[in-house]
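The values are calculated or read from the model by the stated rules, or taken from the named source; none is laboratory data. Just so it is clear, the structure is predicted and the values come from calculations on it, not from any experiment. All Cβ positions, glycine included, derive from the backbone under ideal geometry; neighbour counts span all protein chains shown. The protein model used for the area step is the full one, side chains on, heavy atoms only, and it has no ligands, DNA or RNA in it. Shrake-Rupley method; radii C 1.70, N 1.55, O 1.52, S 1.80 Å.
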Amino acid sequence: LRTADGGLGVGNRAKVNRVRVDAPPWRSWRTKSRAARAIRFVETFCRIPSGANAGSLLKLAPYQREGLERVLADGNRIAGWQIPRGNAKSTLWAAVGLWAVSDPPDAPQVPLVAFNSIQAQRTLFRPMRAMVEASAELSDRLVLYMGSNDRRIWSPWNNGELLPLAADVERLQGLNPTVALIDETQTVSPEVYAAILQGAGKRPESLVLAIGTPAPGADASALFALREAAGSGASVAWVEFAAPAGCAVDDREAWRTANPAIGAGILHDDVLAAELAIVSEAEFRCYRLGQWVAATVASWLPQGAWDACETVPAPDEGAEVTVALAGTWGTSQAIVGATPDGAVFLAWGAETATDDELAEVVAAAMERWDVTRVVFPPQTRTRLFERLDEGGVPVEIWDHKLDATSAAEWRRAIIEGRFAHDHDPMLAAHVAATVAKSTPDGGLRLVAGDGPADACRAARLAWWSATAQTEAFAAIY
Ligand SMILES: Nc1ncnc2c1ncn2[C@@H]1O[C@H](COP(=O)(O)OP(=O)(O)OP(=O)(O)O)[C@@H](O)[C@H]1O
Ligand SMILES: [Mg+2]
């Protein structure tokens, strides 16, 4: 028997000595095509690594079998597979990897790539290990290297090697893979992907297999690039599962179309229903419906919506107004007013201001208008707040629990044309510099993107506080 090299520990060496190096049973299979051999191998030797049916043989669902037939078709050099979360991507790729290192006779090399090497180990190598350990035939034929710096699988009979790799361009260019497996391809950069292709180009029979799920903001990823290439007629085999464009987000038929694992009994639609309640629609459409929805971290208003609002100038002297202040040291300071019907105007703005300057601005505003409240964000200018409070100014602290609701409601009012402002250029610039992030609970959070955005924040606080919604919504949220 051949033995492994010096990288093994003593305990492992004993195991190596038991590994067989003679021709394995699949060597005598008459099955010819790459896809048919892989499918047969997977269903004969690979066991479900985790979950409810862990330990039983992996019976491929029709979508898994048909997908493999497409991506492994003879002659393919590059194949991509887009499918939502939880549709057994990693499990399938792990099983395919074990076939790829075990079957071809001529020293196959099988790199595993994901966002980084830790991810490749977690999503692919770990289930592979479970599959090898659960199978007497595979344990007889494959050596698992489990060193902290040396994780790989060696197939002695054909000198096959499988190893999780860092997403490192130089290292990947130096490879000579037979089958390169990429998981979570939406997290892999086009540069890393190009390096894998470059390595793969050295063997006439090599195949790059990439699987992944659309994600908000992943339109700069290898998965998106592959999809574009396939769509524009490049020789990329492409399999895609997605809900029909424009479907309702809660359309369960559409869920089943996008998620064949539901029909196969691998995934339950309760999981999707629970998730729909807590993530943003954009995230759900990407992760669970396979739809390439524009990034959630993006402009928070449709193009032109702010400019299209009705123009209402700052109110006359003596009018009732709410003002809100926002600003951080070193970015900008703004005081924005709102009339009782919600028309917003910039009362004052500057790059920086001392407490004294701000106190003067507030005093001037109180002289000019009937200021019913001065709203401060929490933990902002606390000394100024106390000073104004003691001086009889009607100061209030903003309840940050209202952030998501006020952002969503304000956005809606702007888009639906129920909002007016003075079209001040500084306010417009701060609105344009504001970006939206979806919160884990599906809400909208407005934050500064490029450049100061404090006037936008003050405007939201003033608008919300001035209009009657405050108490009604506070009762709900
Ligand atoms: N053919 C099958 N029959 C039954 N169960 C299966 C089958 N294939 C996979 N499974 C199980 O279904 C689950 C799928 O999980 P897996 O991690 O492979 O999905 P995934 O698409 O990679 O998920 P994620 O998007 O979160 O990365 C695992 O628990 C796996 O063991
Ligand atoms: Mg996975």
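Each residue, SER189 and GLU253, gets one label point 7 Å from its Cα in the Cβ direction; the gap between the two is 4.4 nm. In this Cβ point-charge picture (+1 for Lys and Arg, -1 for Asp and Glu), the range 246-292 has a dipole of about 140 debye about its Cα centre.
Using C-alpha pairs under 8 Å with a sequence gap of at least 6, the mean separation divided by the residue count of the range 227-313 gives a relative contact order of 23 percent.
Just to confirm the filter: which chymotrypsin sites (Phe, Trp or Tyr not before Pro) across the range 193-243 are DSSP coil and have at most 14 other Cβ within 10 angstrom of their Cβ? Write out the running numbers ahead of the final one.
On the way: sites: TYR193, PHE224, TRP238, PHE241; in loops: PHE241.
Listed in order of number, the matching sites amount to none.
In the chain, helices alone account for a calculated mean residue ellipticity at 222 nm of -10500 deg cm²/dmol, with every DSSP H run of four or more residues adding -39,500 (n - 2.57).
Selection among GLY51, CYS309, PHE241 by position relative to the dipole of the chain gives GLY51 as farthest towards the positive end (Cβ unit charges, Cα centre). Ranking VAL431, TYR145, SER332 by how far each Cα lies toward the positive end of the dipole of the chain (charges on Cβ) leaves TYR145 at the top.
Please say if the range 24-93 is rounded, prolate or oblate, where rounded means a/c under 1.5 for a ≥ b ≥ c the square roots of the C-alpha gyration tensor eigenvalues, and otherwise the choice is prolate for a/b larger than b/c and oblate otherwise?
Values: a/c = 2.52, a/b = 1.12, b/c = 2.24.
Oblate.
Heavy-atom accessible area per residue, the chain, 1.4 Å probe: how many Å²? Could you put the intermediate results ahead of the total?
Values: 21490 Å² over 477 residues.
With all protein chains present, the chain gives 45 Å² per residue.
Peptide packing for 389-398, 371-380, 38-47 was compared via the average number of neighbouring C-beta atoms within 10 Å per residue; ordered from the highest value, the list is 38-47, 371-380, 389-398.
Using the Cβ-Cβ distance between VAL271 and GLU43 with R0 set to 25 Å, the FRET efficiency from 1/(1 + (r/R0)^6) comes to roughly 0.45. Placing +1 on each Lys and Arg Cβ and -1 on each Asp and Glu Cβ, with no other charges, gives the chain a dipole about its Cα centre of roughly 4080 debye. With the simple model of a label 7 Å out from the Cα in the direction of the Cβ, GLU205 to ARG65 spans 2.5 nm. Normalised by the number of residues in the range 169-257, the mean separation of alpha-carbon contacts (under 8 Å, six or more apart) gives a relative contact order of 26 percent. Set the Förster distance to 41 Å, then compute FRET efficiency between ILE397 and ALA245 from the Cβ-Cβ distance, nearest 0.05. It comes to 0.35.
For ASP389 and GLU281, the FRET efficiency from 1/(1 + (r/R0)^6), where r spans their Cβ atoms and R0 equals 35 Å, is about 0.25. Here the extension length gained between LEU57 and ARG18 equals 11.7 nm, from 0.36 nm per residue of separation less the Cα-Cα distance. Cross-link reach is defined here as a Cα-Cα straight distance under 24 Å, omitting same-chain residues fewer than 8 places apart; for LYS401 the lysines meeting it are LYS437. The mean sequence distance of close C-alpha pairs (under 8 Å, at least 6 residues apart), as a share of the length of the chain, puts its relative contact order at 13 percent.
Which distance in Å, rounded to a whole number, links the C-alpha centroids of the range 329-393 and the range 395-423? Centre-to-centre distance over Cα atoms comes out at 18 Å.
Within the range 65-179, antiparallel bridges make up roughly 65 percent of the DSSP beta bridges whose residues both belong there.
Only bridges whose two residues both fall in the chain count here: according to DSSP, what percent of them are antiparallel, nearest 5? Write out the running numbers ahead of the final one.
Details: 29 of 59 bridges.
Expressed as a percentage, antiparallel bridges in the chain total about 50.
Atom-type composition of the exposed protein surface of the chain places 50 percent of the accessible area on carbon and sulfur (1.4 angstrom probe). Under the classification rounded if a/c is under 1.5, otherwise prolate if a/b is larger than b/c and oblate if not, where does the range 56-207 fall, given a ≥ b ≥ c as square roots of the Cα gyration tensor eigenvalues? Rounded. Roughly how many Å is it from the Cα centre of the range 38-54 to that of the range 120-193, as a whole number? About 17 Å separates the Cα centre of the range 38-54 from the one of the range 120-193.
The charge dipole of the range 115-166, taken about the Cα centre with unit charges on the Cβ atoms of Lys, Arg (+1) and Asp, Glu (-1), comes to about 200 debye, rounded to the nearest 20. Projecting the Cα positions of ALA230, TRP93, HIS268 onto the charge dipole of the chain (unit charges on Cβ atoms of Lys, Arg, Asp and Glu, taken about the Cα centre) puts TRP93 furthest along the positive direction.
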